[in-house]
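As structure tokens, the structure follows; a few thoughts come after it.
The values are calculated or read from the model by the stated rules, or taken from the named source; none is laboratory data. Remember, it's a predicted structure, so these values are computed and weren't measured experimentally. Cβ placement follows ideal geometry from the backbone for every residue including glycine, while neighbour counts extend to all protein chains displayed.
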Amino acid sequence: GAVVSQHPSWVICKSGTSVKIECRSLDFQATTMFWYRQFPKQSLMLMATSNEGSKATYEQGVEKDKFLINHASLTLSTLTVTSAHPEDSSFYICSAGAPLHFGNGTRLTVT
Amino acid sequence: QKEVEQNSGPLSVPEGAIASLNCTYSDRGSQSFFWYRQYSGKSPELIMFIYSNGDKEDGRFTAQLNKASQYVSLLIRDSQPSDSATYLCAAGLRGGADGLTFGKGTHLIIQP
């Protein structure tokens, strides 16, 4: 069964609104979780590392004020896409654990 | 700069044959190595991981690691059309809990 649960699976939102994506570790605690983004037919791109109880670490070029990450517990990390725009439309995937497992991903469409 | 290199393909293999996927990594400190399968529009799924030199078999899949050559491979025996996917190679420390470096993936096509 799935060891990393991600919700929602897909979301459509209007430009300018914010969207929250949840990532949960099932049956294990995760002090670190990872958020990826993948555009169609392209590679996985690491966006940020979510650290329980402290600030997330963002990869170069990822706007931390736009992609807010909160990791308030050992089983939950959230990614909030603030003021979403059509160019933010993508497949967002979280991962956690050792060995590393991925959630099912969230397909975001911004209209 | 840690890098994991894979041939992007597509790699086309007849059904029933052995598919061989290869990967090299740059960081000699890497301790754990992973193969993920990703179907179009889906998230990656862990297929195998290997930590020690040599071969590790699981069903139709065999992972091979050669740390001296910094080389990892995945063999798929008796290839099925359902094996058609993109295969991602990844390297890291401690089982990946601290993060992994991913290759760009090899697109595998199994021809019926």
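Among the strands (runs of 3 or more DSSP E) confined wholly to chain A, which include 2 or more residues that are of a type in the set (D, E, K, R)?
A:19-25
Restricting to segment B:41-72, give me the number of residues that are without any contact (Cβ under 8 Å) to a residue 12 or more places away in the chain and either within 30 Å of A:Ser89 (Cα to Cα) or surrounded by 12 or more Cβ atoms within 10 Å (Cβ to Cβ) (or both).
Going through segment B:41-72 one residue at a time, the tally reaches 7.
Being touching a residue at least 24 places away in the same chain (Cβ under 8 Å), within 14 Å of B:Lys2 (Cβ to Cβ) and more than 9 Å from the chain's Cα centre (by Cα) is the filter here; which residues of segment B:84-102 pass it?
Result: B:Ala91, B:Gly92, B:Leu93, B:Gly96, B:Leu100, B:Thr101, B:Phe102.
Select, from B:Glu3, B:Glu57, the only residue that is of a type in the set (Asp, Glu) and at pLDDT below 95.
Criteria check complete, one pass: B:Glu3.
Examine segment B:23-35 for a residue that is basic (Lys, Arg) and under 23 Å from A:His101 (Cβ atoms), and state whether such a residue exists.
Within segment B:23-35 (the criterion being basic (Lys, Arg) and under 23 Å from A:His101 (Cβ atoms)), the answer is no, since none of the residues qualifies.
Would you point out the residue of segment B:73-112, among those that are of a type in the set (A, V, I, L, M) and not in a strand (DSSP E or B), that is surrounded by the most Cβ atoms within 10 Å (Cβ to Cβ)?
The residue in question is B:Ala97.
If B:Lys42 satisfies every condition in (1) of a type outside the set (A, V, I, L, M); (2) in a strand (DSSP E or B); (3) within 13 Å of chain A (Cβ to nearest Cβ) but one, which is the exception?
Here B:Lys42 clears every test but (2).
Here is a yes/no grid of residues against (1) out of contact with any Cys (no Cβ under 8 Å at 6 or more places or on another chain); (2) surrounded by 15 or more Cβ atoms within 10 Å (Cβ to Cβ); (3) without any contact (Cβ under 8 Å) to a residue 60 or more places away in the chain:
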residue: A:Gln29; (1), (2), (3): yes, no, yes
residue: A:Pro40; (1), (2), (3): yes, no, yes
residue: A:Lys55; (1), (2), (3): yes, no, yes
residue: A:Gly61; (1), (2), (3): yes, no, yes
residue: A:Lys64; (1), (2), (3): yes, no, yes
residue: A:His71; (1), (2), (3): yes, yes, yes
residue: A:Val81; (1), (2), (3): yes, yes, no
residue: A:Ala84; (1), (2), (3): no, yes, no
residue: A:Ile93; (1), (2), (3): yes, yes, no
